[in-house]
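Presented below is the structure to which this report refers.
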Amino acid sequence: MRPGYIVPDGVAWVVGDDEDSHGPAVYLTQVRAGVPIALEGTAAQIWDAARLVPADEVAEEIAVATGQSTDAVRHSVESFLAELIVRGLLQVREPDSGGLDG
């Protein structure tokens, strides 16, 4: 089982110590652009799940984490993943890609 997404080269990220009821925040930046982005709550959960599970299982992971049905969250999860890709903070794993984080 390979994750469906990877973190592109040039993106730095850390998981914050400031955990709330939805889990810790994730702080991302494109190193060359230098603009930090904070993902909290479900946004952080989506980004983390995208790095850890196959692409077709991300919505299911978020559904379980939020207590909702997969159908109820699928569109929002897929839209957010598309936004992360457009921003250059995540990329779709090519079939022959190695490692967990590019």
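The values are calculated or read from the model by the stated rules, or taken from the named source; none is laboratory data. All values reported here derive from a predicted model rather than from experimental measurement. Neighbour counts run over all protein chains shown; Cβ positions are idealised from the backbone, glycine included.
Quick check: is even one residue across the stretch 72-84 modelled with pLDDT under 95, in contact with a helix residue (DSSP H, G or I) (Cβ under 9 Å, 6 or more places away or on another chain) and either surrounded by 15 or more Cβ atoms within 10 Å (Cβ to Cβ) or at negative phi (or both)?
yes
Please give the helices (runs of 4 or more DSSP H) falling wholly within the stretch 1-95 in which 3 or more residues are aromatic (Phe, Trp, Tyr).
Correct list: empty, since no element meets the threshold.
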